[in-house]
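Only one structure is covered here, and it is reproduced in the block below.
Read-outs: derived from the displayed coordinates by stated rules, not from any lab. The model shown is predicted, which means the values in this text are computed figures rather than measured ones. Cβ atoms come from the backbone with ideal geometry, glycine included; neighbour counts cover every protein chain shown.
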Amino acid sequence: MHEFVDETFQLDSSGEKILSIQASLNGFSFSIICPDQNKLLYFKSTELKISTENLMSRHFESWFAEEAVLQNNFKKVVLFYHSGNLTLVPDHLFDSDSKNELPTLLFDNNENLSWVNNSVGQINAHLLFTIPEAFQQTINKYFPTAQITHPLKPLIAKNEDSGAGQNLMLLFGTNHFSVALSNDNKLEMVNHFSFKHPNDVVYFILTILRQFKLAPGNIQTFYAGDMDAHNGLEDLLKKHFPNSAEIQANIATPPFLDKLLITKNISLFL
């Protein structure tokens with residue numbers, strides 16, 4: 001467990017703050033941010049080993065019961081869930097007639113999964129992804145106004161802000177990663193891959209670049225997520241993609257907060 005509490009944090013003013021929660025099979029973490037000062041006030045990470053998505057709801061309820069600070073009112077609540085079932089749909093294809101039919105066409109028909117729609121205004125598209133049905137119901141129970149968000153969404157926005165040129169955003173889980181590719185501020189693709197070894201990551205990225213006729217030496221590669229789950233992953237990225245760098249937090253964080261924690265929980269700091 002890792003915890004940081006700013007000396008200025010006060011529970012009685014939580015209604016003015018933003019609560020962000022990150023959930024995965026590796027556990028739960030959260031941040032509380034003062035939007036007026038763009039400052040981190042509270043951060044806590046709890047590592048767990050959750051065997052399947054079907055158990056997410058049960059573990060979340062136990063975690064929530066132990067975290068008294070979460071049981072306050074907040075100005076805004078965002079729940080980040082890194083789902084591997086995701087796709088982009090352009091606005092013009094996502095109309096009132098098709099939006100209810102698209103999930104069954106794009107995802108397996110699984111009654112244990114719900115689909116979530118994140119509108120991405122920067123690219124005039126919708127990021128669709130799945131989440132365990134029981135887990136979504138639990139989130140709605142404790143945080144009825146929470147925005148359930150794929151962590152790739154803020155990275156796409158950050159990608160668009162990174163300027164012209166060829167940019168690659170990589171978000172890693174323990175054995176999977178999501179990727180967003182843009183060229184001159186135009187999003188070219190998003191995808192998701194499972195991997196067992198860092199060499200697999202390099203292979204998938206090179207395949208993408210060949211598909212779009214892009215040179216590894218020219219592309220700007222930004223990465224975040226669970227970088228220490230596989231030894232040598234970061235070094236291998238820098239070797240094959242020389243213009244590589246960690247995705248940086250957008251909010252002020254204390255200098256003593258472990259950089260690996262920030263990278264692993266990047267969604268909470270954007």
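For the stretch 191-270 and the stretch 110-124, compute the distance between their C-alpha centroids and round to whole Å.
24
Can you flag which of K49/K239; K196/K238; K49/K213 are past 29 Å Cα-Cα? Could the numbers behind the result be given before it?
Values: K49/K239 31 Å; K196/K238 19 Å; K49/K213 40 Å.
In this structure, K49/K239; K49/K213 exceed 29 Å between Cα atoms.
Classify the stretch 151-213 as rounded, prolate or oblate, taking a ≥ b ≥ c as the square roots of the eigenvalues of its Cα gyration tensor: rounded when a/c is under 1.5, otherwise prolate if a/b is larger than b/c and oblate if not. Present the calculation step by step, with values, prior to reporting the outcome.
Working: a/c = 2.66, a/b = 1.42, b/c = 1.88.
It is oblate, given that a/c is not under 1.5 and a/b is not larger than b/c.
Suppose the Debye formula is applied to equal point scatterers at every Cα of the chain; what is log10 I(q)/I(0) at q = 0.17 Å⁻¹?
The computed values of log10 I(q)/I(0) come out as -1.51.
Hey, what's the Cα Rg ratio for the stretch 120-239 versus the globular rule of thumb, 2.2 N^0.38 Å? Don't jump to the answer; show the numbers that get you there.
On the way: Rg = 15.7 Å, N = 120, 2.2 N^0.38 = 13.6 Å.
With N residues counted in the stretch 120-239, Rg over 2.2 N^0.38 Å equals 1.16.
Positive end of the dipole of the chain, charges at C-beta (+1 Lys, Arg; -1 Asp, Glu), about the Cα centre: which of V202, N54, L257 has its Cα farthest in that direction?
Going by the Cα projections, it comes out as V202.
List the trypsin sites (Lys or Arg not before Pro) in the stretch 20-50 that DSSP assigns to loop (not H, G, I, E or B) and whose Cβ has at most 14 other Cβ atoms within 10 Å. Which are they? Please list the in-between numbers first.
Working: sites: K39, K44, K49; in loops: K49.
Here the sparse-neighbourhood loop sites are K49.
Using packing as a proxy for protection, rank 236-246, 126-136 so that the peptide with the highest average count of other Cβ atoms within 10 Å comes first.
On the way: 236-246: 16.3, 126-136: 21.2.
The densest-packed peptide leads the list: 126-136, 236-246.
Pairs of alpha-carbon atoms within less than 8 angstrom and 6+ residues apart define the contacts here; what relative contact order does the chain have, in percent? Write down the numbers at each step before the final one.
Working: 482 pairs, mean separation 42.2, N = 270.
The normalised contact order for the chain reaches 16 percent.
Just for the chain, what percent of DSSP beta bridges are antiparallel, to the closest 5? Let's see the in-between values first.
On the way: 47 of 66 bridges.
Restricted to the chain, the bridges split so that about 70 percent are antiparallel.
Kindly provide the pair-distance distribution of the stretch 23-71 built from C-alpha pairs, with 10 Å bins from 0 and whole-percent values in order of increasing distance.
Whole-percent P(r) values from 0 Å outward: 23, 46, 24, 7.
Determine, for I205, I21, the number of other Cβ atoms within 10 Å of each Cβ, and report the residues in order from fewest to most. Don't skip to the answer; put the middle values down first.
Working: I205 22, I21 25.
Lowest to highest Cβ neighbour count: I205, I21.
To the nearest 20 debye, what is the magnitude of the charge dipole of the stretch 165-270 about its Cα centre, counting +1 on the Cβ of each Lys and Arg and -1 on the Cβ of each Asp and Glu? Display every interim value, and only then the final one.
Details: 8 positive and 9 negative charges, 50 e Å.
In total the dipole reaches around 240 debye.
Would you mind putting 192-200, 65-73, 147-155 in packing order, based on average other-beta-carbon counts within 10 Å, highest first? Numbers along the way, then the final one.
Numbers: 192-200: 15.0, 65-73: 12.2, 147-155: 22.2.
Ranked from most to least packed, the peptides come out as 147-155, 192-200, 65-73.
Dividing the convex hull volume of the alpha carbon atoms of the stretch 231-270 by its residue count, what do you get in Å³ per residue? Write down the numbers at each step before the final one.
Values: hull volume 3.5 nm³, N = 40.
Convex hull of Cα atoms, per residue: 86 Å³.
Need one number: % antiparallel among DSSP beta bridges in the stretch 1-104, to the nearest 5. Please list the in-between numbers first.
Numbers: 19 of 25 bridges.
DSSP beta bridges in the stretch 1-104 are roughly 75 percent antiparallel.
Placing +1 at every Lys and Arg Cβ and -1 at every Asp and Glu Cβ, with all other atoms neutral, what dipole size does the chain have around its Cα centre, in debye to the nearest 20? Could you put the intermediate results ahead of the total?
On the way: 19 positive and 29 negative charges, 93 e Å.
Rounded to the nearest 20 debye, it is 440 debye.
Within the stretch 119-270, what percent of beta bridges assigned by DSSP are antiparallel, to the nearest 5? Spell out each step's value before the answer.
Working: 17 of 26 bridges.
Of those bridges, close to 65 percent are antiparallel.
How large is the Kirkwood hydrodynamic radius of the stretch 179-252, counting all unique pairs of alpha carbons, in Å?
Values: mean 1/r = 0.0755 Å⁻¹.
Computed over the stretch 179-252, the radius equals 13.2 Å.
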